[in-house]
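S.K.: Sharing a structure with you now.
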Amino acid sequence: MTDGPASGASQTEVPRAYRDGYARARAIDPQMADRYIAHTRMGDPLADAVVAELANHSAEEAQHWIATGIEQGLAAIPDAPPATRAFFEAVETPPDWFDPARTGPGCRGFHRHSEMFLGAFVGAVLIEGFSTLISQSFSITGRIVDSGVRRLKQNNRHLVEIFMPGGLDRDGDGWKLSIRIRLVHARVRHMLDGAPDWDPDWGLPLSSAHISYATAAFSGLLLYRARMLGVHLTPEEEESFMMIWRYSGHLMGVPEEMQCGSLDSALHLQKIGHICEPPPTLEAILLCNGLINSAPVVAGIDKPRSRKALTRYIYRVSRAMIGDEMADALNYPRMRTFGTLTTIRAKNRGEALLYRMVPKLGARNRAKQFQTMLDVSFHDPEGIGYRLPRHLHAERDGLL
């Protein structure tokens, strides 16, 4: 990441909700704090231009250009308006630092521990992401509160697809989903900016800061939380894992100065961003608890007693990972977590030893994990949908 401004932003430049946290963050790393706050007022110029331009065309034309551009590329949309063509021209060529040949180790590491990665993702990383003011955008639109199960499955799917071999190739579903997410974010930002429900004290809706924070959390923080569950990747796998997420973040519009190529840089950005963010709002509390309560449904647990037991277990593991301070701020149920993570790590070490001794059991377990990944991810038999939201609130959009 490049150096940020040499001096702090003036109070008038800092969205009111961030002022207390920004002062604390500057005491630790003034350059990163300045950079994060600057990006709370920034969107995604390329994607925002597409959405603004397509607002002047019919929904059918817009969907055609987006779907065709994602599926077939720039050459297939010669009649698209200028900003749309410029966007697809920009995303076609990977940056120099992305090497498809080096994605293999990261994919293998993820799939070897996919159960634990998904557990860390749902039980900690998503929670920590939605504890920020990004929750306001999703709460206002209803795209999490009203459809937690579907949204959780869609988040899981993106994670799964980018770690499929070839998932971030130009024709891979991980590549396509990353571009789709970027354009949906731009559309929601366009609808929220200036809307009565949006408070300017929160900065820009789905700002560049929040997309960068989320990508840092989904990469570095996910690796860190997975380690807490007993996951161990080799240095080569870790480097590959970070490169995969950096490229997905690049496709989702994370600017170069906010991209993280290493575990340490991602953890540092997430740390400074977390300090800059205000305490969890009521909307964040509702979203985070809603995600945890959706997890047993996503896992296919039907019996009320079993669902309740699994929910309580997820709360316990989540509290153990994110810590009592954040768990209390999110109104988690009170419970003791002593030994929770130690037990999980011991179980994982024992299973790893068993699978090395009996390779057939290891192969069977990996197949089971792969099927579980598919079961907890949203897969539409008709393929990826490219229609952008037409209404601010999800219940009017028919996209719940």
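S.K.: As an exercise, use a Förster radius of 35 Å and the Cβ-Cβ distance of ASP20 and LEU341 to find the FRET efficiency, rounded to the nearest 0.05. Spell out each step's value before the answer.
M.R.: Numbers: r = 32 Å, r/R0 = 0.90.
Using R0 = 35 Å, I get an efficiency of 0.65.
S.K.: Quick one: dipole size for the stretch 45-392, taken about the Cα centre, charges +1 on Lys/Arg Cβ and -1 on Asp/Glu Cβ, in debye to the nearest 20.
M.R.: That gives the stretch 45-392 a dipole magnitude of about 2220 debye.
S.K.: For the chain, modelled as a GNM with alpha-carbon contacts under 10 angstrom, which of LEU354, LEU204, LEU159 fluctuates the most?
M.R.: LEU354
S.K.: Taking the alpha-carbon centroid of each part, what is the distance from the stretch 166-183 to the stretch 195-258 in angstrom?
M.R.: 16
S.K.: Between VAL14 and residues 5 or more places away or on another chain, which pairs have amide H atoms under 5 Å apart, with H built 1.01 Å from N, and which residues are they?
M.R.: When sequence neighbours closer than 5 places are left aside, there are no close amide H contacts.
S.K.: Using the per-residue mean of other Cβ atoms lying within 10 Å as a proxy for protection, in what order, highest first, do the peptides 37-49, 53-65 fall? Show your work: numbers first, answer last.
M.R.: Working: 37-49: 20.7, 53-65: 15.8.
Taking the mean over residues of other Cβ atoms within 10 Å, the ranking is 37-49, 53-65.
S.K.: What is the fewest-to-most order of THR84, THR337, THR234 by other Cβ atoms lying within 10 Å of their Cβ?
M.R.: Details: THR84 24, THR337 16, THR234 11.
Taking fewest neighbouring Cβ atoms as first place, the list is THR234, THR337, THR84.
S.K.: Separate question: Calculate, for ARG364 and GLU89, the FRET efficiency according to 1/(1 + (r/R0)^6) with r their C-beta to C-beta distance and R0 41 Å; round to the nearest 0.05.
M.R.: Numbers: r = 46 Å, r/R0 = 1.13.
Rounded to the nearest 0.05, the efficiency is 0.35.
S.K.: Under a plain spin-label model, where a point goes 7 Å from the Cα along Cα-to-Cβ, how far apart in nm are HIS64 and ASP99?
M.R.: Label at HIS64, label at ASP99, 4.3 nm between them.
S.K.: If you take the charge dipole of the stretch 45-392 about its Cα centre, with +1 on Lys and Arg Cβ and -1 on Asp and Glu Cβ, which of VAL188, PRO105, GLY174 is farthest toward its positive end?
M.R.: Among VAL188, PRO105, GLY174, the one farthest towards the positive end of the dipole of the stretch 45-392 is PRO105.
S.K.: Then there is this: Can you pull a Stokes-Einstein diffusion coefficient for the stretch 158-311 at 20 °C (1.002 mPa s), Rh from Kirkwood over Cα pairs, as a whole number of µm²/s? The partial results should precede the final answer.
M.R.: Working: Rh = 17.5 Å.
In µm²/s, the coefficient is 123.
S.K.: Taking every pair of Cα atoms in the chain, average 1/r, invert it to obtain the Kirkwood radius, and report Rg/Rh to two decimals. Could you put the intermediate results ahead of the total?
M.R.: Numbers: Rg = 20.7 Å, Rh = 21.8 Å.
Taking Rh as the inverse mean 1/r over Cα pairs, Rg/Rh reads 0.95.
S.K.: Which of the trypsin sites (Lys or Arg not before Pro) found in the stretch 125-219 are in a DSSP loop and have at most 14 neighbouring Cβ atoms, other than their own, within 10 Å?
M.R.: On the way: sites: ARG143, ARG150, ARG151, LYS153, ARG157, ARG170, LYS176, ARG180, ARG182, ARG187, ARG189; in loops: ARG143, ARG170.
Those that pass, being in a loop and sparsely packed, are ARG170.
S.K.: Let me ask something else about it. Assuming R0 = 30 Å, what is the FRET efficiency of ASP264 and TYR313, from their Cβ-Cβ distance, to the nearest 0.05?
M.R.: Details: r = 32 Å, r/R0 = 1.05.
Working from the Cβ atoms, E equals 0.45.
S.K.: Taking only Cα atoms of the stretch 38-116, what ratio of Rg to Rh do you get with Rh as the Kirkwood inverse-distance radius? Each step should come with its number before you reach the end.
M.R.: Details: Rg = 17.1 Å, Rh = 15.2 Å.
Rg divided by Rh gives 1.13.
S.K.: Counting only helical runs of four or more DSSP H residues, what would the 222 nm mean residue ellipticity of the chain come to if each run contributes -39,500 (n - 2.57) and the total is spread over all its residues?
M.R.: Details: 21 runs with 245 residues, N = 400.
Calculated from helices alone, the mean residue ellipticity at 222 nm is -19000 deg cm²/dmol.
S.K.: Going by how many other Cβ atoms sit within 10 Å of their own, how do MET357, MET252, MET164 line up, fewest first?
M.R.: Placing the least packed residue first, the sequence is MET357, MET164, MET252.
Bear in mind that the values in this text are calculations on the coordinates, not laboratory data. Predicted, not measured: the structure shown is a model, and the values here were computed from it. Because the Cβ atoms are built from the backbone with ideal geometry, glycine has one as well, and the counts that use them run over all protein chains shown.
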